[in-house]
Structure formats: structure tokens, C-alpha cells
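Since the structure comes first, as C-alpha cells, the remarks are kept for the end.
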Amino acid sequence: MTATMPDHEAEKTQPRVTPGGVRGQSRGAGPRHTPRSEWLLAGGFSVLLAVVMTWPLARDAGRVIPHDLGDPLLQAYSLGWLGESLRSDPGGLWGSNSFWPAPDSFLFTDTLLGYGPFAMLITGYTSALVVYNVLFIGTFALAFFGMYVLLRQLGARCAGSAVGAAVFAYSPWKLAHLGHLNILSAGGIVLSLALFARGHGWSLRHGFRPERQQPGWVIAGWLVALWQFSIGAALGLAFMYVLLVIAVIVGGWWLLKRPAVRRSIIVADGAGGTIFALGVLWIASKHAAVADAYPEVVRPYDYVKFFSPTMQGFITAPSESRLWGAAHEAARADMTWAPEQTLLVGFTALVLAVAGLTWSVWSGRQRIGLALGIAITTALALGPNFYHDGAWTWQVLYDYAPGFDSVRSTGRTVLYLTIILGILVAGLLTKAADTADELATVIQRGRDSRGPILRAPRRVHALLFLPLALVLFEGLSSAQNFEPRQAPVAVSRLEGPALFLPSDGRDTNVQFWTIDGFVDMANGSAAFTPAKLEKLRDTSKLFPSASSLRDLRGAGIKTVVVIPAWLPGSEWSSLDTTIDPPGVDVERTGEAVIYHLDAD
């Protein structure tokens with residue numbers, strides 16, 4: 001295996017000459033290897049672009065967290081717990097300090113397991129914010145770079161690949177998920193597909209070329225795919241099935257065509273596929289055990305329908321869109337749950353993709369296949385809101401595909417729609433680049449087409465990058481960054497198990513605070529709420545009554561922390577913090593009231 005990344009076989013079929021000399025490559029074969037400098041430039045540009053598009057987050061990385069103080073704090077806490085477990089007790093990873101005494105509580109939401117090496121750097125609040133924010137910015141960089149690599153491998157030229165990568169990485173629908181690191185972490189999907197294509201010697205433009213097979217890239221593809229799955233099931237579940245579908249299609253093609261596949265490739269696929277399968281089965285078995293123990297994991301079909309988008313969602317931007325957010329406010333008002341139902345992929349992307357269906361470097365048969373992919377991904381994204389309540393689409397997956405009955409948000413399938421649109425956009429702009437070179441040749445030589453093809457002037461090719469600015473403009477966010485509230489108590493000094501009140505959606509703040517010592521607590525926020533926590537919350541609404549104290553002690557709670565500033569407007573608004581219950585040691589600070597239930 002060479003040290004270079006995927007070659008893009010997108011260049012001209014005849015030798016090219018530029019005003020400065022002859023380029024040593026041919027249009028039919030393409031360069032054997034893409035210059036390493038291009039990948040360094042593409043990687044650097046991806047990072048720089050991500051920093052700019054998320055600015056000023058990089059400047060304030062140790063002080064703020066993006067979008068809101070809900071799920072981002074939960075996932076920063078998850079990273080903190082992941083790092084602490086890997087450092088001190090890997091065997092206890094799955095049983096977090098949240099949702100005490102529930103076992104395997106770390107599996108109640110996406111674990112971000114693939115980010116383990118970064119999570120091990122977390123030692124406190126500031127480092128948790130820095131690690132989270134670096135990963136947040138990194139998700140955009142990897143998405144852009146991974147898609148760029150994929151498009152180059154498929155046969156697109158630089159401008160088309162850059163614009164197509166932006167369509168995938170900065171699609172407006174993603175702005176609604178700026179609080180979901182697990183959803184933003186999609187770069188491994190396209191990068192693994194690029195590695196698979198490279199390793200198997202296949203490109204969309206030139207088809208299968210046996211001499212280009214390299215088993216090292218195949219293994220790398222499987223490892224990246226496993227890493228992507230390990231981040232979480234929110235994207236990993238669908239990705240696993242996508243790989244299965246691709247494997248079936250490729251297997252069928254192999255049986256029909258019997259192409260010359262090297263033995264080393266078969267071994268690489270066997271070894272890599274086995275590693276991937278074992279890793280997926282290991283992680284899936286952990287989640288399956290949670291699903292068996294907690295029936296509330298399964299989403300009723302009507303519940304899924306409530307969160308599923310309609311066709312209007314595909315032309316509606318989320319409120320976080322700087323360009324379209326205010327303009328689409330009325331459209332969002334008609335939605336049942338706008339954050340999951342605003343699926344605008346960008347009007348620039350839509351226009352370019354439609355043009356790419358009619359004029360493209362991809363063949364007519366390939367464009368028909370891409371159009372079919374658009375139809376399938378759109379139907380799946382609509383979920384139960386597709387024709388006949390999704391009876392022939394989403395409900396088939398819900399009833400028969402393991403794992404899909406726990407999926408709440410069908411709209412996230414739009415991720416694969418943006419991949420297809422990016423491919424179409426890249427095909428359009430690559431065709432434009434090829435046409436520009438052909439016109440330059442005709443202008444220079446007239447009708448005599450013999451000899452090398454000339455390259456159009458650089459300023460002409462530079463024009464093909466202009467749509468990049470339009471795509472990025474549509475991807476700008478108006479979301480703010482927030483400073484997490486400081487813990488009202490020294491959390492590490494609390495005697496656990498503890499219960500913070502009120503216990504509601506703000507439990508994500510409490511979980512983040514417990515990075516300081518990871519004291520056991522009954523509080524928790526995740527993909528679902530266990531029945532035991534619901535019962536404990538109901539009991540605590542009568543706190544500090546004698547019956548509530550009895551029930552909390554019976555449940556094993558030793559410390560109750562009440563945050564008075566959170567009480568107004570909550571279901572605990574009647575809680576009287578001036579009462580000192582008998583047998584309870586009460587400690588009052590400026591921002592909290594601490595009840596030590598085992599004072600005797």
C-alpha cells in the first residue's frame with residue numbers, strides 16, 4: 001500500500017498541455033497517484049474552513065459550548081465519563097454515575113466511544129469544553145475532507161469536489177443539530193466509502209480497474225467504518241445497513257460479471273469485514289441488553305410519526321440558518337417538531353444537482369441510479385409521513401430491521417440525500433471543467449483535435465469555485481455559544497447517591513457538573529427516561545415531606561441538592577426550602593440547599 005491517498009481519475013482522456021508545459025497524465029487512465037500536496041492542502045483548507053464557519057468558537061473553546069445548554073452539555077459529560085473510565089476503570093465503562101442505580105446507563109444514549117483517545121484528555125470542566133469544541137469543529141473539517149476525497153476518487157475534478165464537499169459538510173439542515181455532536185459526526189461515512197472505492201480500484205467515472213486494487217485501503221475502509229459506528233447508533237445504525245446494501249449489490253455484480261479480483265482483496269475484505277462485524281455485534285449486544293431491560297426504548301410508530309417531516313420540510317430551513325431562518329419562520333410554525341423536520345439541503349445545491357441530472361460527466365445510467373437514490377432517501381426521510389403512512393418504506397424497516405424500532409428521527413436520512421446531491425454537483429462542475437479545456441483546445445488549434453488537450457486558463461477554472469461561496473453562505477449559522485452555569489456546590493464533596501432538584505431537562509447541567517468527581521446521582525438525561533427515574537421524580541415533588549423523605553431514603557438517596565433559582569415554573573415550584581425536616585442535616589449556600597438525609 002502506498003502512502004498516498006485516493007487517486008482521482010478525473011482528468012482528461014488525452015494528454016494535456018498548459019501554457020507552461022505538458023502534464024504527464026492521460027484522460028482515460030488518470031494519474032496513478034494524486035499528489036500528496038493536494039491532500040495536505042485539502043486537509044488544511046478543511047480545518048481552516050471549519051474554524052471560520054464556526055467562529056468564534058475556536059477563540060472561546062475553554063469557556064463556552066455551542067448552540068444551547070442541553071444536549072451539548074450531556075455529550076461533554078459523556079466524553080468526560082468516557083475518558084475517566086478509560087483511564088481508571090475500563091471494565092466499568094457502561095455503568096455511568098448517572099441514573100443511579102441503573103446498570104449500563106452509559107448506553108442510554110450515544111456513547112461517542114470512537115472519541116475515546118480525545119476524551120482521555122478531559123480532567124475537569126475547562127478541558128471538557130476544549131475537547132468537546134475541538135471535536136465539534138473537527139466534525140465539519142472531517143465531513144468536508146472525507147467528501148472531497150470520495151468525490152476525487154469517484155472521478156470529479158477539484159472544483160466539483162470542493163463544492164460537492166461543501167454541500168455535504170455545510171448543508172443547512174445540519175444547523176438544527178448543532179447541539180448533537182453524534183449527528184454532526186458523519187465524516188467517517190464518506191471517508192470510509194472513499195477508502196473502499198480506492199482499495200477496490202473503482203471509480204464512478206472509470207469503473208472497475210483491477211490494477212488499482214490495494215488491500216491496505218480496503219482494511220482502512222473497514223476500520224474507519226467501525227470507528228464511525230462506535231460514535232453512536234444515531235448514524236451508525238443506518239450506516240451499517242447502507243454498507244450491507246452496498247455489499248449485496250457488489251456481491252451480485254461480482255457473481256454476474258466475475259471480474260478479476262485479487263486474492264489479497266478478498267482476504268482484506270474478509271479480515272476487515274470480520275473486524276467490523278465483531279465490533280458492531282459487541283456494541284449492538286450492549287444496546288440490545290438495554291432495550292430488553294427498558295421497554296421504553298422502543299418508539300411507538302405514532303411517536304415516530306410526530307417527529308417525522310413532511311415534503312415541506314425539504315424547502316424549510318431551521319431557525320439557526322443565518323440566511324433563511326427568519327424567512328422560514330411561518331413554515332416552521334406549522335411543524336410538530338421543527339428541529340427534526342427542517343431538512344433544507346440548500347437551494348444552491350438543489351439547483352446545481354438538478355442541472356447535474358441533465359448535464360454531467362457521469363453517464364446517463366449513473367444519473368438514473370443517482371435519481372433513484374434521491375427518491376429512496378427522500379421516501380425514507382419522510383418516514384411515516386410518506387405514502388400510506390410509510391407502509392412500504394419506513395414501516396418495513398421499523399417492523400423487520402433490528403434497531404429501527406428505537407429510531408425517533410427519520411429525517412436524519414437526509415444525510416444520504418446530501419451525499420447524492422454532492423455527487424451530482426461534482427459531476428456537473430467536472431463536466432464544465434472538461435468542456436472548458438476542450439474549448440481551449442479548439443480555440444488554440446481550430447478543428448484539428450490531434451495532439452494533447454490544452455488546459456483552460458486558471459482564471460476560467462477558478463470561476464467553477466464560485467458556487468462554493470454560495471453553498472457556504474447558505475450554511476452559515478446564527479446560533480450562539482453559551483457559558484455553562486457554574487456548579488452551585490462542590491459536587492465532588494457530596495455523599496452519593498445524590499438527587500438534584502428540580503430534575504428535568506436541566507439534568508444535562510447536573511451531569512456536566514459531576515465531571516468533578518463523578519458522584520453517583522439519580523439524575524440523568526438521555527434518549528429515553530427510565531420508569532424508575534420518573535417514579536423518583538414524582539416522589540420528590542412532595543419533598544421535603546415525611547413521605548417523600550421515607551421514599552427517597554428507601555430508594556437509597558443520601559443527599560438531595562435543591563437549586564432554588566430553578567424552582568419557579570417547574571413542577572417543584574411549591575418546594576419550601578425554608579423547612580428543616582427532622583432527622584435531616586440542612587446546609588444552605590448562596591445558590592443551593594443541601595439536605596443530608598443520613599444525618600443521624
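Points to keep in mind about this one:
- Checking each residue in region 178-206 for being open to solvent by 20 Å² or more (accessible area, probe 1.4 Å) and under 17 Å from VAL261 (Cα atoms) picks out PHE196, HIS200, TRP202, HIS206.
- When the residues of region 529-562 are filtered to those that are aliphatic (A, V, I, L, M) and under 34 Å from the mean Cα position of the chain (by Cα), the one that is nearest to HIS596 (Cα to Cα) is LEU536.
- Consider region 82-140 and keep the residues that are assigned to a loop (DSSP other than H, G, I, E, B), in contact (Cβ under 8 Å) with a residue 40 or more places away in the chain and among the hydrophobic types (A, V, I, L, M, F, W, C). The one that is most open to solvent (accessible area, probe 1.4 Å) is TRP100.
- Residue pairs whose Cβ atoms lie under 8 Å apart, sitting 6 or more positions apart in sequence or on different chains, and linking a residue in region 339-350 that is among the β-branched types (Val, Ile, Thr) to a partner that is surrounded by 24 or more Cβ atoms within 10 Å (Cβ to Cβ) and not in a helix (DSSP H, G or I), are THR342/PRO309; THR342/THR316; THR342/ALA317; THR342/PRO318; VAL345/SER171.
- Against the test of being closer than 16 Å to ILE275 by Cβ and either open to solvent by less than 30 Å² (accessible area, probe 1.4 Å) or under 14 Å from the mean Cα position of the chain (by Cα) (or both), the options LEU223, LEU243, LEU237 yield a single qualifying residue, LEU243.
- The lone criterion from (1) exposed (fewer than 15 other Cβ atoms within 10 Å of the Cβ); (2) within 13 Å of SER406 (Cβ to Cβ); (3) touching a residue at least 40 places away in the same chain (Cβ under 8 Å) left unmet by VAL267 is number (2).
- A residue that is assigned to a loop (DSSP other than H, G, I, E, B), modelled with pLDDT of 95 or more and closer than 26 Å to ALA238 by Cβ cannot be found anywhere in region 29-51.
- Taking the numbered list (1) over 27 Å from LEU226 (Cβ atoms); (2) touching a residue at least 60 places away in the same chain (Cβ under 8 Å) in turn, LEU41 passes all entries but (2).
- Selected residue (criterion: least open to solvent (accessible area, probe 1.4 Å)) from residues of region 372-409 that are closer than 21 Å to ALA338 by Cα and in a loop (DSSP other than H, G, I, E, B): SER409
- Restricting attention to region 454-484, the residues that are open to solvent by 60 Å² or more (accessible area, probe 1.4 Å) and either at pLDDT below 95 or farther than 30 Å from SER570 by Cβ (or both) add up to 9.
- Some residue of region 186-193 being modelled with pLDDT of 95 or more, farther than 30 Å from ASN133 by Cα, in a helix (DSSP H, G or I) and more than 12 Å from the chain's Cα centre (by Cα): no
- Selection within region 202-219 - assigned to a strand (DSSP E or B) and not aromatic (Phe, Trp, Tyr): SER203, GLY207
- Any hit, region 564-580, residues being buried (at least 17 other Cβ atoms within 10 Å of the Cβ), within 20 Å of ASN97 (Cα to Cα) and under 36 Å from the mean Cα position of the chain (by Cα): no
- Taken over region 514-546, residues that are free of Cβ contacts under 8 Å to residues at least 40 places away in the same chain and either assigned to a loop (DSSP other than H, G, I, E, B) or closer than 21 Å to GLU587 by Cα (or both) amount to 5.
- When LEU323, LEU357, LEU343 are checked against the criterion of being open to solvent by 30 Å² or more (accessible area, probe 1.4 Å), under 17 Å from SER477 (Cα atoms) and either aliphatic (A, V, I, L, M) or modelled with pLDDT under 95 (or both), LEU323 stands alone in meeting it.
The values are calculated or read from the model by the stated rules, or taken from the named source; none is laboratory data. As the structure is a computational prediction, the values presented were derived from the model and not from experiment. Positions of Cβ are generated from backbone atoms using ideal geometry, with glycine treated the same way; all protein chains shown enter the neighbour counts. Side chains are part of the model used for accessible areas, which takes the heavy atoms of the whole protein and leaves out ligands, DNA and RNA. Shrake-Rupley method; radii C 1.70, N 1.55, O 1.52, S 1.80 Å.
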